[in-house]
Structures are given as structure tokens and as C-alpha cells.
Amino acid sequence: MVELTMINQFLIGALTVGTIYLIATLGEVLAERSGIVNLGLEGLMEVGATVGIIVAIFTENPWLGFLTAFITAAIISVIHAFACITLKLNQFASGLALYIFGLGIGITFRGYARDVMLGPKELMKIPKIRLYPVKIPLLGDLPVIGALFSLNVMAYFAVILSIVFWFILFRTRIGLDIRSVGENPAAADAAGINVFRLRYIAVIIGGGMAGLSGAYLMLAHTPQIMGAPIILGRGWIAIALVIFSFWNPLRALLGAYLFGGLEIAYFWLQGIEIFKGVIPLLKAVPHVSAIILLTIMSIEALRRRIGAPEALGKPYSRE
């Protein structure tokens, strides 16, 4: 019984952390399907984490925190969209600039909020605004698989969102238009599809999802106010997961929860003597995997082989 309880707790932790990756990955899948790469996810997640926790504390409402985090990151993403779509600047350079900007703003403002804006009374609200698991009666008590029915509301929402994104991309006209814009924008433009508008929408929504992911980390996994990085490379892993999922929202579920399990395993295995020698390696696995996948992405021949959108990373100009 004790072992089953531990397995359930591990799975709940893995699914909770996996949801952080899943939300950010879904947004980037949408953006990249339209042909725009956003390397600024890490920075947008930092901003979302900052805005989400601060708004939730002041309003004592986590849902307003989530909403504000989404809107703030989406607004910042307009900068990236304008640079890449309208000005036709290098997408990778713009994304890196967004990453640095978001990281600096998020860390600085969070530190300021902790030291100046928030007092002990406000900080005491953090446990009250945190999202806690909601166990579904009967199903949540099942051995092992009961973990699937003992998650917080946003975790269930992320799974539903994966299905919705898949349906939109592969079963609707708007999804076909988005994929067409990412594959051959010239042909899509000739067919009467507004390439620029669709790319703007995809990038803005994708950026908003990154902010939502950062807020989820703060409000469901690690609720705290600190003047230091909180995302810790998860944004880069989310970008790699887009490749791992072959730009498919449903496959992103598998990758996100796999990496969530690896992250949780790092903490669980620290107390077991036999695994102490491999724990540093386990911690490095997600980041090494991200480097490998991003390297693959940089090689044109391999990109085509794994099914990357043909126009990904390439600016479009009407001739």
C-alpha cells in the first residue's frame, strides 16, 4: 500500500510538472506551424510567472493571475511578431532578444515586488492562492491510475487544450490555413489566405501560452516570490519538445509528461543511496536532449526528414 501511494504521488508530481512543459509547447507548436520560431519562451515564461503570482496575491484570485499572465506575455509577443513578420528580421535573433528582455524584466520586477510591494501579510496569502489537486471521487482512489484523476484544474485543462489544438490544426479550415502558411506562404497568399494576419495571431497566442505556463509553474508547482530565475531552462526544453512531438499537439502530451517525469525523478531519487552517482546525469538529461533536438533543427536536411514546416524560420515577402 505504501509503495502504491508513493507511485501515485510520483505520477501526480510528474503530470503536474509535465503540464508546465505542455502548455508552453502547445503555444510554440501553433507558432511554428505558421512558420515563426520563438526562442523567447523562457523569457515569456519568466514574465508570466511574475505577473501571475503578483496579480494572484493582490486579488487573492489565481484565475486573474493566469489571465493577466496570458495577456501580458501575448502583448510582449507582439514585439517578436512585428520584428519577424512586418520587419522580416532574423527570427532567432529576435527570439533571443525577447528571451533576455523577459528574463531581466521578470527577475527584476519579482525581486522589487518581494522587497518593496509585498509585506508579510501579502506573502501569507501564497498558500491560499495555490492550485491544489482535485481528486475525482472513486476514480482518484484507484491504484496507480488514480493519479490521472487527482490533478489540479489547469492540468485537466491542458489535456483538453491539446485535443482542441490538434482538432483545430488538423480538422478545421483555419488549421489548414495555418499549416499552409507554414509550408508555402506564397501559395497560401495566392489562394487568398492572409499570411501576415495568421502568423501574427499564431505568434501572439503562442506567446500568451508561454506566459500561462510560467504562471502555472508559480501557482501550481512552486509558489514563491524570489529575485532569481524560476523557469530554469524549461522554456528551452519546451522548444525542443515541439520537435520531439513532430509539431503535433497530441504527441506533445507524451513528450511533456516524459520530461515532467524526469524532472520529478531527480528529486525522488536523491534519497536513495544506489542512485546518488547517476542523479547529476539524470538532471542533465532534459537539457542535453534539448540541445540535441535544437541541433537537429538547425540542419536543413534533417528538418525536412522529420517533417518540420517548410517555411519555418523564413520571412515572407510579397513579390
**OP:** Return a yes/no flag: does the range 118-136 have any residue that is part of a helix (DSSP H, G or I) and either among the hydroxyl-bearing types (Ser, Thr, Tyr) or in contact with a Ser or Thr (Cβ under 7 Å, 6 or more places away or on another chain) (or both).
**Re:** no
**OP:** Kindly provide the set of residues from the range 250-265 that are in contact (Cβ under 8 Å) with a residue 24 or more places away in the chain and not aliphatic (A, V, I, L, M), ordered by number.
**Re:** Gly255, Tyr257, Phe259, Gly260, Gly261, Glu263
Subject >> Every pair of residues 6+ apart whose Cβ atoms lie under 6 Å, when the first sits in the range 169-190 and is farther than 12 Å from Tyr316 by Cβ and crowded, with 17+ Cβ neighbours inside 10 Å while the second is modelled with pLDDT of 95 or more and not aliphatic (A, V, I, L, M) >> reply: Leu169/Gly175; Ile178/Arg33; Ile178/Ser34; Arg179/Arg33
Subject >> Which listed residue is closer than 21 Å to Thr222 by Cα, at pLDDT 95 or above and in contact with a helix residue (DSSP H, G or I) (Cβ under 6 Å, 6 or more places away or on another chain), from Ala113, Ala56, Ala73 >> reply: Ala73
**OP:** Keeping to the range 148-181, report how many residues are over 19 Å from Ile20 (Cβ atoms), part of a helix (DSSP H, G or I), out of contact with any Lys or Arg (no Cβ under 7 Å at 6 or more places or on another chain) and not aromatic (Phe, Trp, Tyr).
**Re:** 8
Original post:
Just to be sure, is Ile53 crowded, with 21+ Cβ neighbours inside 10 Å, more than 16 Å from the chain's Cα centre (by Cα) and within 27 Å of Leu258 (Cα to Cα)?
Top reply: yes
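Residue by residue, here is whether (1) of a type in the set (Lys, Arg); (2) modelled with pLDDT of 90 or more; (3) within 21 Å of Gly35 (Cβ to Cβ) holds:
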position: Leu138; (1), (2), (3): no, no, no
position: Leu142; (1), (2), (3): no, no, no
position: Ile145; (1), (2), (3): no, no, no
position: Ser150; (1), (2), (3): no, no, no
position: Ile163; (1), (2), (3): no, yes, no
position: Gly175; (1), (2), (3): no, yes, yes
position: Gly182; (1), (2), (3): no, yes, yes
position: Ala187; (1), (2), (3): no, yes, yes
position: Asn194; (1), (2), (3): no, yes, yes
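The values are calculated or read from the model by the stated rules, or taken from the named source; none is laboratory data. This structure is a prediction, so every number in the text was calculated from the model and none was measured. All Cβ positions, glycine included, derive from the backbone under ideal geometry; neighbour counts span all protein chains shown.
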